[in-house]
Structure formats: structure tokens, C-alpha cells
Amino acid sequence: MAEQIAVRYGVPRWYSDVAAMLDAEKPDVLHITTPPQSHLALTRQAVAAGCHIFLEKPSRCVIALLSHRRGSGCRRKKARRQLLAQL
């Protein structure tokens, strides 16, 4: 599906693997809008990559992960902010 959308809208690169995308693109922010069962794994990957995270409807396990990670080192030297909000 990612490839089809990329072709339709002229997007030059597309990824089916979030780890490859994080490594290649080094985004400032990752918007996680997937089903809840994938939130924790994607959040862990984004935190490890040093991304800001926008997560719709964060679960308790994700909130616990982010609380635990505050102050720990990330790949990037700049501090990343985490905003937890229910939309």
C-alpha cells in the first residue's frame, strides 16, 4: 500500500519497514496513527532514534515507556520532547 500511495502522489521514497525509514530519513517527528497493538513497538523504535513522537491515544504501557526514558540518552544529542495527550 505504501508503494501505491507513493506512486499516486509522486513521493520519491517509500518504506515498508519503520526501522529502515528512521535510519534513512532521520525524521524530527514520527506520527504514530496505527492500531493500538503496534504503538509500543513503534514508540520504542522512535524513542531509540531520537524522534519527537505524536501518538494518538497513548496506552498505559507507552506512557510508562516514555516516563522511564526521560533523561536517558538518545541517538541524537538534542533533547526530544514528549507530549502525552488524549485526542
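Every read-out reported here was derived from the displayed coordinates using simple, explicitly stated rules and does not represent laboratory data. Please read all numbers here as calculations on a predicted model, not as lab measurements. Glycine also receives a Cβ, built like all others from the backbone with ideal geometry; neighbour counts cover every protein chain displayed.
Sequence-ordered 3J(HN,Hα) estimates for region 43-57 from the Karplus curve with 6.51, -1.76 and 1.60 and θ = phi - 60° stand at 5, 4, 5, 5, 4, 4, 7, x, 8, 5, 10, 10, 10, 6, 6 Hz, glycine and proline given as x. Could you compute the FRET efficiency for A2 and I63, with r as their C-beta to C-beta distance and R0 at 22 Å, rounded to 0.05? In this case the efficiency is close to 0.20.
Using 0.36 nm per residue and subtracting the Cα-Cα separation, the extra length available between V29 and Y9 on full extension is 5.1 nm.
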